[in-house]
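*Asks:* I'd like to ask some things about the structure below.
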Amino acid sequence: MEFTHQGKSLLVPIIQGGMGIGVSLGNLAGHVMKAGGLGVISAAQPGYRDPEFKRSPIQANLNALEVEIKKARQLSDGKGLLGINLMVAAEYYDIYAKAISAMDIDLIISGAGLPLELPTLVGNSTVSLAPIVSSGKAALLLCKRWLQRSNRLPDLIIIEGPLAGGHLGFSWNQLTTLTYPSLEEILKDVLDVLKTFNVDIPIFVAGGIYTGADIARFIKLGASGVQMATRFICTYECDAHPKFKAAFLQSKQADIRFVISPSGYPGRAINNPLVEQLMAGQTVKVAHCYNCLKPCNPTTTPYCITDALIKAVSGDTDQGLIFTGVNGYRNKEIVHVHDLIQTLLNEMNEENLV
């Protein structure tokens with residue numbers, strides 16, 4: 001089943017995953033849209049370059065989102081669809097959800113926690129809603145809650161498996177002992193859950209998707225498409241600093257490690273001096289609290305994730321946090337978004353899918 005919003009459909013079955021801070025903004029999203037995909041701007045501190053960011057982070061972020069949305073719309077030539085990725089773990093999630101639902105976007109994607117109250121927060125907005133889940137159990141709980149409280153179901157569901165980057169919906173023990181379910185298993189469970197509601201909802205899978213053959217395989221298993229994030233980092237159009245992209249080009253498989261976020265969620269990142277320091281039990285003093293994550297206590301957190309992500313996207317790849325999916329080390333050249341998507345479509349074609 002394809003995803004449509006107000007009569008407009010995706011031309012290619014690819015969602016570009018949201019990457020904060022500042023990795024996926026209007027430039028990347030707009031070029032993905034122009035190529036027929038769903039471009040996504042991350043709502044994680046997009047206003048970090050605003051002079052007023054430290055003093056008024058909420059307003060700086062909302063202002064930046066408006067600017068980046070406008071940029072993406074202009075770049076896309078009216079093609080594709082546009083989404084905003086908003087983390088449930090974000091402080092002031094309710095404020096952001098309400099404000100974003102009134103912006104010129106097609107879809108809100110929400111994970112890093114289960115967005116049980118999202119329909120209530122957006123009210124009568126016409127924006128489509130896409131929760132991120134990591135199990136059939138989570139999908140069942142969310143669908144029941146949305147029906148009970150708002151009489152609606154998701155417009156699209158994204159399944160994020162254990163091979164993804166950023167904040168992961170799996171325990172540290174599952175990840176480090178390799179006892180997590182496969183993305184294929186989770187997809188089957190979610191498809192079974194949706195059968196109980198007798199409704200067709202597009203499902204996109206994420207985490208470890210790297211080639212067109214991967215896309216074709218999951219579509220054959222019942223998915224409507226995929227979400228890819230890491231693959232889009234090494235594009236000319238990605239909004240991150242060239243040194244951030246170079247960290248991927250220079251990485252090896254052994255450099256992909258786990259790190260704990262101040263939110264409590266484990267994440268996957270490229271190894272560097274910061275990761276070494278954190279995994280050795282050392283801390284980085286917090287100079288300023290941005291109130292960015294709900295579970296984070298600035299007096300006890302081992303480091304400030306906002307500061308670490310800003311450093312990374314700005315080019316400090318030693319003391320910055322470089323989130324990545326499991327296949328980050330496979331990025332070995334910088335390409336244009338259009339060419340990347342065309343390559344993926346050609347690979348899908350080889351699988352007799354398109």
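Rule-based calculations on the coordinates, nothing more; no lab input. Everything numeric here is computed off the predicted structure, so don't read it as measured data. Backbone-built Cβ (ideal geometry, glycine too); neighbour counts: all protein chains shown.
*Asks:* Taking the Cβ of Ser76 as the center, what net charge do the other residues with Cβ under 12 Å away carry, scoring Lys and Arg +1 and Asp and Glu -1?
*Replies:* Working: positive: Lys8, Lys34, Lys70, Lys71, Arg73, Lys79; negative: Asp77, Asp104, Asp106, Glu237.
Once all neighbours under 12 Å are counted, the net charge is +2.
*Asks:* Which FRET efficiency, nearest 0.05, do Thr126 and Lys188 yield, Cβ-Cβ r, R0 35 Å? All intermediate terms of the calculation are to be shown ahead of the outcome.
*Replies:* Details: r = 32 Å, r/R0 = 0.91.
Result of the calculation: an efficiency of 0.65.
*Asks:* What is the antiparallel percent of DSSP beta bridges lying wholly in the chain, to the nearest 5?
*Replies:* Numbers: 11 of 39 bridges.
Taking every DSSP beta bridge within the chain, about 30 percent pair in antiparallel fashion.
*Asks:* Sticking with this one: Measure off 7 Å from each Cα along the Cα-to-Cβ vector at Lys70 and Phe258, then give the distance between these two points in nanometres to one decimal.
*Replies:* Here the modelled spin labels are 4.4 nm apart.
*Asks:* What ranking of Val275, Val32, Val133, Val205 emerges when the number of other C-beta atoms within 10 Å of each C-beta is taken as an exposure proxy, fewest first?
*Replies:* Working: Val275 18, Val32 33, Val133 26, Val205 30.
Sorted ascending by nearby Cβ count, the order is Val275, Val133, Val205, Val32.
*Asks:* Mind putting a number on the dipole of the chain about its Cα centre? Charges go on the C-beta only, +1 for Lys and Arg and -1 for Asp and Glu, and I need it in Debye to the nearest 20.
*Replies:* Value, rounded to 20: 440 debye.
*Asks:* Once the Cβ-Cβ distance between Lys195 and Leu116 is put in as r, and R0 is 22 Å, what FRET efficiency do you end up with, to the nearest 0.05? Don't jump to the answer; show the numbers that get you there.
*Replies:* Details: r = 22 Å, r/R0 = 0.98.
Step by step, r from the Cβ atoms, then E = 0.50.
*Asks:* In nm, to one decimal, how far is the modelled label at Asp316 from the one at His338, with both set 7 Å along Cα→Cβ?
*Replies:* 3.7
*Asks:* Same structure, new question: Please check: in the Gaussian network model of the chain (C-alpha springs, under 10 Å), which one of Ser251, Ser261, Ser150 has the largest mean-square fluctuation.
*Replies:* Ser150
*Asks:* Picking from Leu168, Cys234, Phe218, whose Cα lies most toward the positive end of the charge dipole for the stretch 159-308 (charges on Cβ: Lys, Arg +1; Asp, Glu -1)?
*Replies:* Toward the positive end, the furthest listed residue is Cys234.
*Asks:* According to the square roots a ≥ b ≥ c of the eigenvalues of the Cα gyration tensor, what is the shape class of the stretch 244-313, taking rounded for a/c under 1.5, prolate for a/b larger than b/c otherwise, and oblate for the remainder? Kindly include the intermediate steps, with their values, before the conclusion.
*Replies:* Details: a/c = 2.07, a/b = 1.72, b/c = 1.20.
Prolate, since a/c reaches 1.5 and a/b exceeds b/c.
*Asks:* I would also like to ask the following. How long is the gain from Asn173 to Leu147 if the chain were fully straight, where each residue apart is worth 0.36 nm and the alpha carbon distance is subtracted?
*Replies:* Details: separation 26, 0.36 × 26 = 9.36 nm, distance 3.29 nm.
So the extension gain works out to 6.1 nm.
*Asks:* How many angstrom lie between the Cα centre of the stretch 240-307 and the Cα centre of the stretch 1-64?
*Replies:* The distance from the Cα centre of the stretch 240-307 to that of the stretch 1-64 comes to 22 Å.
*Asks:* Among Thr211, Thr126, which comes first, then next, by fewest other beta-carbon atoms within 10 Å? Before the final figure, lay out the partial values.
*Replies:* Values: Thr211 18, Thr126 9.
So the residues, fewest neighbours to most, are Thr126, Thr211.
*Asks:* Can you work out the Karplus-derived ³J(HN,Hα) for every residue in the stretch 340-348? Use 6.51 cos²θ - 1.76 cosθ + 1.60 with θ = phi - 60°, whole Hz, and x for glycine or proline.
*Replies:* Ordered by residue, 3J(HN,Hα) equals 4, 5, 5, 4, 4, 5, 5, 5, 5 Hz.
*Asks:* Nearest 0.05, what FRET efficiency do Tyr92 and Thr300 give at R0 = 30 Å with Cβ-Cβ as r?
*Replies:* Working: r = 21 Å, r/R0 = 0.69.
Computed FRET efficiency for Tyr92 and Thr300 comes out at 0.90.
*Asks:* What does the charge count around Gly22 come to, taking other residues whose C-beta lies under 9 Å from its C-beta (Lys +1, Arg +1, Asp -1, Glu -1)? Mind dumping the intermediate values first?
*Replies:* Working: positive: Arg49; negative: Asp239.
Charge balance near Gly22 sits at 0.
*Asks:* Fewest Cβ neighbours within 10 Å first, please rank His288, His5, His338, His31 accordingly.
*Replies:* On the way: His288 9, His5 19, His338 16, His31 26.
Ordered by Cβ neighbours within 10 Å, fewest first: His288, His338, His5, His31.
*Asks:* Calculated from DSSP H runs of 4 or more alone, at -39500 (n - 2.57) each and per residue, what is the 222 nm mean residue ellipticity of the chain, nearest 500? Write down the numbers at each step before the final one.
*Replies:* Working: 12 runs with 122 residues, N = 354.
Computed mean residue ellipticity for the chain: -10000 deg cm²/dmol.
*Asks:* May I ask for the net charge around Ser182, where only other residues with Cβ less than 14 Å from the Cβ of Ser182 are counted and Lys, Arg are +1 while Asp, Glu are -1? Walk me through the intermediate numbers first.
*Replies:* Working: positive: Lys188, Arg217; negative: Glu160, Glu184, Glu185, Asp189, Asp214.
My count for the surroundings of Ser182 gives -3.
*Asks:* Once each part is reduced to its C-alpha centroid, what is the distance from the stretch 197-218 to the stretch 89-136 in angstrom?
*Replies:* 21
*Asks:* For the pair Tyr236/Lys8, report the inter-label distance in nm, with labels modelled 7 Å from Cα in the Cβ direction.
*Replies:* Distance between the two pseudo-spin positions: 2.5 nm.
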